[in-house]
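The values are calculated or read from the model by the stated rules, or taken from the named source; none is laboratory data. All values reported here derive from a predicted model rather than from experimental measurement. Heads up, the Cβs are rebuilt from the backbone with ideal geometry, glycines too, and the neighbour counts pull from every protein chain shown. SASA here: full protein model, heavy atoms, side chains in, ligands and nucleic acids out. Shrake-Rupley method; radii C 1.70, N 1.55, O 1.52, S 1.80 Å.
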Amino acid sequence: MKRYNPSEIEPKWQAVWEDKHVNDVVIDTNKQKLYIAGMFPYPSAAGMHTGHAFSYSIVDAIARFHRQHGRNVLNPMGWDTFGLPAENYAIKTGTAPAVITAENIANFKKQFKRMGVSIDWSREINTSDPEYYRWTQWVFTKLFERGLAYQKESLQWWCPVDKTVLANEQVEGGHCWRCGTLVEKKSMQQWFFKITDYADALLDEIPDLDWPQKIKTAQTNWIGKSLGAEVEFKVDGRDDVITVFTTRPDTLFGATFVVLAPEHALARELAVGDYAERVNEYVKTAVKKSEIERMNDTKEKTGVFTGSYAINPANGAKMPIWIADYVLIGYGAGAIMAVPAHDERDFAFAEKFDLPVVEVIDKPETGDERVYSGEGNLVNSGVFDGQSTSDAREEIVAWLEQEGTGRAKTSYKMRDWLISRQRYWGAPIPIIHCPEHGAVAVPEDQLPVVLPEVKDFAPKGDGKSALASVDEWVNTTCPTCGGPAKRETDTMDGYACSSWYLLRYADPANSQQAWDPKIANYWAPVDYYVGGDHAVAHLLYVRFWTHVFNDMGLTEFKEPVKKLVYHGYINAEDGTKMSKSKGNVIDPLDVIDQGYGADALRTYLLFMGPVELDAAWDSRGIAGVYRFLNRIWVLAQEYQDSAKDFTNNDAAVRRAQHKAVRKVTDDINRLSFNTAISTLMEYTNELYKLKVDGFSSGVWLEALQVMMQLIAPFAPHLSEELNNQLGVNELVQNLPWPVWDDSLIVEQTMTVIVQVNGKLRAKLDVARDITEADVKALALANDHVASFIGNKKPTKVIYVPGRLVSIVV
RNA sequence: GCGCGGAUGGUGGAAUUUGGUAGACACGAGAGACUUAAAAUCUCUUGGCCUCACGGUCGUGCGGGUUCAAGUCCCGCUCUGCGCACCA
């Protein structure tokens, strides 16, 4: 008998698949298309980790399952190669990022093949390939044309170690996401994408997305839409007007002071007399402090009075104007009307600085909190007294609009997407600065703007990338007037590159356009997108760009991803995150090499638990899965070596088979891989029990071939090898997925349970077509059941067909 | 603080759709078979308590409720993971 040896059969079938290009696909309108993609990896020097292995095991199980259903399955792969690790390595060693990137890609690709992932390698893309970023730049110029890419001087997060600007989501708890350094604020000219123009469009589609609720909620919160009003407050004795944003215009009569953010344009101007110096001082320190530091300052309110007053348009009250850093310049109007009676923060501030508190909502009796922020009826609100807060919100806004001192207004927490990076290793922003014409987009026929070769990759710390020191590259001519001009030296955020790659996969070799809309519309949108990271950033940006492409007529759809499969993390055996420093990292390739093979690794990763849950690696767990695969192997060998002359177990074998087909099909369809695999274990265990009665040629052969079909999404090499050993010359993925026949699963008898007062008292084996009257009689006649009824008379006897008889006494 | 999840044996988890036999499957543990021995493999047992056994009884984080019947539905808590966090 041959032994199960993954290190022999896995390379063998990987070579067959590769030689025959079995996963390369072209448009075929006779087949149903299915586009699946895992989030493409950053090819790090460390190679694949277990998280990658898990992610792509999910992708491959789904891809193979659908391929076996005869669908035209697109499963591409590419490389997200721009980024800091390669650049930092270059700075340290002088090796060009492109060189080390190529090595890492080669390693990753080899690892993907050793995992047996069924990828169409003819579509491989690489974001740092000029043929790819040419079109990333092209998209930039289109956004620029449409006013969706613009420059703005702004205070930005700045990492003093990486010497680059960081986006909000690259700052984690006040520290750089890459190097952990405390970030600072710096004012610079930056490029932005105007994602805020699409806030409503992006928000509107969220309910219809077949995505996990937590991701949808995270995106909704990130966009942070609030309905409210703008209210204008005249400054007493001056021409200035302060505009504030509030979600509670109903509390206008309770506004007792106004607070401006330190960065507010009027902050210093309104400081009068003796107050000027203190305001100046406060503003200076507040601006210098990072927002994070402000937050960590235990939320203790700080602020200074300007000496100026505003007039409440509702009641003419004089309201002192304060400057405080709890008001953020980036949200709303950068100024608020403070209603201390009904807002916690305003109350804390009023308490600290002894400012007046005026209640304008009649609190419910039960409310004993000092600050009531709920609903109720208005008091102290002039003509609006007695109105409910919800009515008053509309009425007061209407009144303000009539008076010309306010209007309904919607605010968003989301800010525009900062894409400038002062780094070398990114796609150059395709802009030329002309003294005459300002910022001019590089024309399409001059793309790509290729990254020049340099020797020193380090930014100089002057806020510019290493590109700025390549004079012959920087100095160019203006596309509009031909006069001397300079290239933009910032590169794009890597998220720009990954915001359209799913479309490029559809048409990866197109040298005339980013993609042919006809081809993209056949494959995309993505049916399944698999990943376990980027809840907001990438998944929001890719939606944003696709909405824009739809507006440009480049796609027929707005949303790039139909179903998002968001999986958990694989942790170390102790349940903590794997990390090099703790030395608890499991290398998936090591696991394969130890002799378990890729099939056991993949099957184990999917067997650990539901895909969306985090799981802890267990070295004994993978041994168990290996045992299971080995049992399938041994069974197939025993079948082949046997005389095949007994047939008395055929019906049972057939029933086990059809039951397994039904359950595995259902389970994979709902992405419940762990239960699909457990079903296959049960099926195997059942066949082991049945084999003691001997094998028959027809039914057993089919049962085993079906086993190979069902296990193929998880353990494709074992499946292919045994399928072949069982005499089938066709590859498993070209065979139809097995179907089940319910009539073969149904047994002649069924088990009906009997409950007395809700407690299980007996199990009855009855004929499937038994009548309700018969089964009830049988239940009542059962001795054990009768002993619990005693001489009482049942008040109720309920029969749930096929399940139970419930007797109430 | 706000939002979204989760809590089931010694462990990971199952009980999908529509409330209907809680603990599938696997790991671990225990026993046995094979072996000079070990490994591997195979078979059996394995939620707690009571019982020789048949069986009984308790049991899905806690407290209530609805129902013939609740892990599942409702109300109120506790703990925990994650996301956002002075967003007016």
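Scan the range A:411-426 and tell me whether some residue there is within 30 Å of A:E232 (Cα to Cα), among the aromatic types (F, W, Y), modelled with pLDDT of 90 or more and open to solvent by less than 10 Å² (accessible area, probe 1.4 Å). So far as the range A:411-426 goes, yes, one or more of its residues are within 30 Å of A:E232 (Cα to Cα), among the aromatic types (F, W, Y), modelled with pLDDT of 90 or more and open to solvent by less than 10 Å² (accessible area, probe 1.4 Å). Of all the criteria given as (1) out of contact with any Asp or Glu (no Cβ under 7 Å at 6 or more places or on another chain); (2) buried (at least 18 other Cβ atoms within 10 Å of the Cβ), the one not satisfied by A:T95 is (2). Selection within the range A:389-410: residues that are small (G, A, S) and open to solvent by 30 Å² or more (accessible area, probe 1.4 Å). The member of this set that is farthest from RNA strand B (Cβ to nearest atom) is A:G404. Among the residues of the range A:601-609, none qualifies, meaning not one is touching a Leu at 6+ places or on another chain (Cβ under 9 Å) and either loosely packed, with under 15 Cβ neighbours inside 10 Å or without any contact (Cβ under 8 Å) to a residue 24 or more places away in the chain (or both). I'd like to know if the range A:622-645 contains one or more residues that are within 15 Å of RNA strand B (Cβ to nearest atom), of a type outside the set (S, T, Y), surrounded by fewer than 21 Cβ atoms within 10 Å (Cβ to Cβ) and closer than 14 Å to A:D693 by Cα. Yes, some residue in the range A:622-645 is within 15 Å of RNA strand B (Cβ to nearest atom), of a type outside the set (S, T, Y), surrounded by fewer than 21 Cβ atoms within 10 Å (Cβ to Cβ) and closer than 14 Å to A:D693 by Cα. Within the range A:364-382, residues that are under 21 Å from A:L252 (Cβ atoms) have Cβ atoms under 7 Å from residues that are modelled with pLDDT under 70 in these pairs: A:G376/A:P364, counting only partners at least 6 apart in sequence or on another chain.
Can you tell me how many residues within the range A:759-778 are open to solvent by 20 Å² or more (accessible area, probe 1.4 Å) and either modelled with pLDDT of 90 or more or touching a strand residue (DSSP E or B) at 6+ places or on another chain (Cβ under 7 Å) (or both)? Adding up the residues that qualify gives 9.
Would you call A:S118 in a helix (DSSP H, G or I) and among the hydroxyl-bearing types (S, T, Y)?
Against the criterion (in a helix (DSSP H, G or I) and among the hydroxyl-bearing types (S, T, Y)), A:S118 does not qualify.
I'd like to know if the range A:715-729 contains one or more residues that are open to solvent by less than 10 Å² (accessible area, probe 1.4 Å), within 11 Å of RNA strand B (Cβ to nearest atom) and assigned to a helix (DSSP H, G or I). Checked the range A:715-729: no residue is open to solvent by less than 10 Å² (accessible area, probe 1.4 Å), within 11 Å of RNA strand B (Cβ to nearest atom) and assigned to a helix (DSSP H, G or I).
For the range A:353-362, the count of residues that are part of a helix (DSSP H, G or I) and out of contact with any Lys or Arg (no Cβ under 6 Å at 6 or more places or on another chain) is nonzero.
Of the residues making up the range A:688-709, those that are away from RNA strand B (no atom under 16 Å from the Cβ), surrounded by fewer than 21 Cβ atoms within 10 Å (Cβ to Cβ) and of a type in the set (G, A, S) number 3.
The requirement of being open to solvent by 20 Å² or more (accessible area, probe 1.4 Å), modelled with pLDDT of 90 or more and either away from RNA strand B (no atom under 13 Å from the Cβ) or charged (D, E, K, R) (or both) is satisfied by A:I311. Looking only at the range A:742-758, count how many residues are within 14 Å of A:I807 (Cα to Cα) and surrounded by fewer than 17 Cβ atoms within 10 Å (Cβ to Cβ). Looking only at that region, the number is 3.
Picking from residues in the range A:779-809 that are open to solvent by 70 Å² or more (accessible area, probe 1.4 Å) and touching a residue at least 12 places away in the same chain (Cβ under 8 Å), the one that is farthest from A:S743 (Cα to Cα) is A:K792.
For every residue, the table says whether it meets (1) surrounded by 20 or more Cβ atoms within 10 Å (Cβ to Cβ); (2) part of a loop (DSSP other than H, G, I, E, B); (3) modelled with pLDDT of 95 or more.
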| site | (1), (2), (3) |
| --- | --- |
| A:G482 | no, yes, no |
| A:K486 | no, no, yes |
| A:P508 | no, yes, yes |
| A:Q513 | no, yes, yes |
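Taken over the range A:456-480, the criterion of being part of a loop (DSSP other than H, G, I, E, B) and over 16 Å from A:P443 (Cα atoms) is satisfied by A:D456, A:F457, A:A458, A:P459, A:K460, A:G461, A:D462, A:G463, A:K464, A:S465, A:V470.
Anything in the range A:87-115 that is of a type in the set (S, T, N, Q) and not in a loop (DSSP other than H, G, I, E, B)? List them, or say none.
Matches in the range A:87-115: A:N88, A:T93, A:T101, A:N104, A:N107, A:Q111.
When residues in the range A:646-678 are screened for being within 10 Å of RNA strand B (Cβ to nearest atom), open to solvent by 30 Å² or more (accessible area, probe 1.4 Å) and either in contact (Cβ under 8 Å) with a residue 12 or more places away in the chain or part of a helix (DSSP H, G or I) (or both), 7 of them pass. Identification of strands (runs of 3 or more DSSP E) wholly contained in the range A:159-275 with 2 or more residues that are closer than 16 Å to A:T410 by Cα yields A:225-235, A:241-246. When the range A:531-541 is filtered for residues that are over 14 Å from A:I223 (Cα atoms) and either of a type in the set (S, T, Y) or at pLDDT 95 or above (or both), nothing remains. Test A:A616 against the criterion of being over 35 Å from the mean Cα position of the chain (by Cα), modelled with pLDDT under 95 and among the small types (G, A, S), and give yes or no. The answer is no for A:A616. Being more than 9 Å from RNA strand B (Cβ to nearest atom), of a type in the set (A, V, I, L, M) and farther than 30 Å from A:Q657 by Cα, is that true of even one residue in the range A:756-772? There is no residue in the range A:756-772 that is more than 9 Å from RNA strand B (Cβ to nearest atom), of a type in the set (A, V, I, L, M) and farther than 30 Å from A:Q657 by Cα.
Among the residues making up the range A:427-448, those that are assigned to a loop (DSSP other than H, G, I, E, B) and crowded, with 23+ Cβ neighbours inside 10 Å are A:A427, A:I429, A:P430, A:V442.
Of the residues screened, A:G595 is one that is at pLDDT 90 or above, among the small types (G, A, S) and either surrounded by fewer than 20 Cβ atoms within 10 Å (Cβ to Cβ) or within 12 Å of RNA strand B (Cβ to nearest atom) (or both).
Number of residues in the range A:598-618 that are more than 20 Å from A:V117 (Cα to Cα) and either near RNA strand B (Cβ under 9 Å from one of its atoms) or charged (D, E, K, R) (or both): the value is 8.
Every residue, every condition in (1) over 20 Å from A:R620 (Cβ atoms); (2) buried (at least 21 other Cβ atoms within 10 Å of the Cβ); (3) without any contact (Cβ under 8 Å) to a residue 40 or more places away in the chain; (4) touching a Pro at 6+ places or on another chain (Cβ under 6 Å), yes or no:
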| residue | (1), (2), (3), (4) |
| --- | --- |
| A:Y501 | yes, yes, no, no |
| A:Y505 | yes, yes, no, yes |
| A:Y522 | yes, no, no, no |
| A:L540 | yes, yes, no, no |
| A:K558 | yes, no, no, no |
| A:T576 | no, no, yes, no |
| A:D587 | no, no, no, no |
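With the structure loaded, tell me whether A:V99 is under 25 Å from the mean Cα position of the chain (by Cα) and β-branched (V, I, T) or whether it fails that test. No; evaluated as a whole, the condition is false for this residue.
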